[in-house]
Amino acid sequence: MKIARFSRIGFILAAAGSAVGLGNIWKFPYIAGQNGGGAFVFVYLITVFMIGFSVMLAEMLIGYLGRRDSVGSFEELAPRHKSLWKYGGFMSITGLVIMIFYSLVIGWIFHFIVLSFGPLPSSVSVAKETFDALIAADIGTQLFYHTAVFMIVTAVVARGIKGGIEKLNMILMPVLFGIVGVMFLYATTLSGFGSAWHFMFTPDWSKLTSDSLVTAVGHAFFTLSLGMASILTYAASLPKGSNLVKSSLIVIALDTAIALLAGLMLFTFLYEYGAEPSAGPGLVFISLPAVFYEMGALGNFFSLIFFVALASAGLTSAVSLVEPMVQYLIDRFGLSRFKASLFSGLFFYLLGIIALLSISTEYGKFFTFGSKSFFDWADFLTASVMLPMGGLLMALFVGHIIEKERVGALLKRELGAFYSLWYFTLRYIVPIALVIVMLNLVGVFTL
Ligand code: PHE
């Protein structure tokens, strides 16, 4: 099966497009807020640059050397007697499970783009009513936007790596960077900027709990799109002679920059207008619209461009969540790209409807298991369990299964003096850290 190739810049934008998503602009600011700011940001940055970089390079390497879909690439690289490793590639199912809730959230964003044209909520409590009404009772509106997201994502993926995914990223990523840049510059002129800076970068270690450590590691995987074969599948379409180290570093730098800029900008607005930084998942849907109201005429404009940026970030990640399964279905079962895209799309579309019902007041009780709704389970299981497990698998595969010489032949030249440090981190530090995090998660002990 011949896979269409990205251009070099197309790959960087697509991989950055995958990484920069709702995780950066919606999730990062609110979990940083909930976990006390500075200390959490510090742990997150260390995790991203140590564990994140090591695993990203490993994942890229599997795709780049394997040149196939996720399962096929593992199969291609595993030594003969270790062929069972090919099942490692099944992690691409994680992307579709993430899409179950990701698609709904992008749908909410579409709705908020439309709301930007009307009167904004005049207080946090009015904003909360608007948002709660959408989530808890307005099944029709959510279904409408969920369907729109399903159609857009499926249509783009069906057009393939070059004509669909690369093109989408070439258009939306500059839009996203432009908007975040403009809004950030505006934020620096406000007096709340100083407080936001202080909140994000002055660690208060007493606020750091073992839960926030687990959250930081889980989020590092989520935000960098690691552990589910998105990066692997994209890297399989890299042109020959690409520099994996440089590509990883650029993607990580862009991802981190957008998370920090978005965080600083949001907290500036919140401090400036006296709203709470620890508001939780409703931060951008509840606190922020009320802040936009306070800005007067400029507010509607900012609301519009902010939600357009958020939608762009979401869509470019969404296609990367679906593509691994599509590539797998094409490679393995010879499905046409259209059929493969449609099947994968229907999977998250139909289960997404259940997730949608699971957070509604009327049907919630039918789809709540334990203390979590189906929606929350999809989020929790993927970010805290499946992605770190996928990451662990890739670290072990590249660190211990593929022949040393093969890895060295490619990366020794690129990494130079840092090669041994990277290889050691991947072989020992990453697996140990991930196992500790997972044991902590299931409550075997607390850090
Ligand atoms: N990185 C994306 C975000 O931050 C989410 C994602 C996870 C995308 C895993 C692809 C794979 O929103």
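The values are calculated or read from the model by the stated rules, or taken from the named source; none is laboratory data. Remember, predicted model here, so these are calculated numbers, not experimental data. Cβ coordinates were reconstructed from backbone atoms using ideal geometry, including for glycine residues, and neighbour counts include every protein chain displayed. Note: areas computed on protein heavy atoms with side chains; ligands, DNA, RNA excluded. Shrake-Rupley method; radii C 1.70, N 1.55, O 1.52, S 1.80 Å.
Given R0 = 45 Å, the distance between the Cβ atoms of S371 and F49 translates into a calculated FRET efficiency of 0.85. Excluding ligands, DNA and RNA, the accessible surface per residue across region 107-178 is 45 Å² with a 1.4 Å probe. The HN-Hα couplings worked out from phi for region 382-393 by the Karplus form 6.51 cos²θ - 1.76 cosθ + 1.60 (θ = phi - 60°) are 6, 5, 9, 10, 5, 5, x, 5, x, x, 4, 4 Hz, whole numbers, x standing for Gly and Pro. Once the Cα atoms are used to define both axes, helix 337-358 deviates from the longest principal axis of the chain by about 40 degrees.
Each other residue within a Cβ distance under 12 Å of S225 adds +1 if Lys or Arg and -1 if Asp or Glu, for a net charge of -3.
With only the Cα atoms considered, the chain has a convex hull volume of 139 Å³ per residue.
Applying the criteria of a DSSP loop state and at most 16 other Cβ atoms within 10 Å to the chymotrypsin sites (Phe, Trp or Tyr not before Pro) of region 90-123 yields F117. Taking the longest Cα principal axis of the chain as reference, the axis of helix 404-415 is set at about 50 degrees. Kirkwood analysis of the Cα pair distances in region 26-84 returns a hydrodynamic radius of 13.9 Å. Annotation: lysines with alpha-carbon distance below 28 angstrom to K339 (same-chain offsets under eight excluded): K2, K86, K162, K167. Among residues other than L421 with Cβ under 15 Å from its Cβ, the summed charge is +1 (Lys and Arg +1, Asp and Glu -1).
Solvent-accessible area of Y87, all protein chains in place: 120 Å² (probe radius 1.4 Å, heavy atoms, ligands and nucleic acids excluded). When GluC sites (Glu not before Pro) are flagged only if DSSP places them in a loop and at most 12 other Cβ atoms lie within 10 Å, the longest unflagged stretch of the chain comes out as 1-361. Loop exposure criterion: trypsin sites (Lys or Arg not before Pro), DSSP state outside H, G, I, E and B, at most 14 other Cβ atoms within 10 Å. Applied to the chain, the longest stretch between such sites is 3-239. The residues neighbouring L238, those whose beta-carbon lies less than 11 Å from its own, together hold a net charge of +4 under the Lys/Arg +1, Asp/Glu -1 convention.
Scoring 31-40, 44-53 by mean Cβ neighbours within 10 Å over their residues and listing the highest first yields 31-40, 44-53. For the chain, the fraction of 1.4 Å probe accessible surface lying on carbon and sulfur atoms is 69 percent. Relative to the dominant Cα principal axis of the chain, helix 93-115 is inclined by about 30°.
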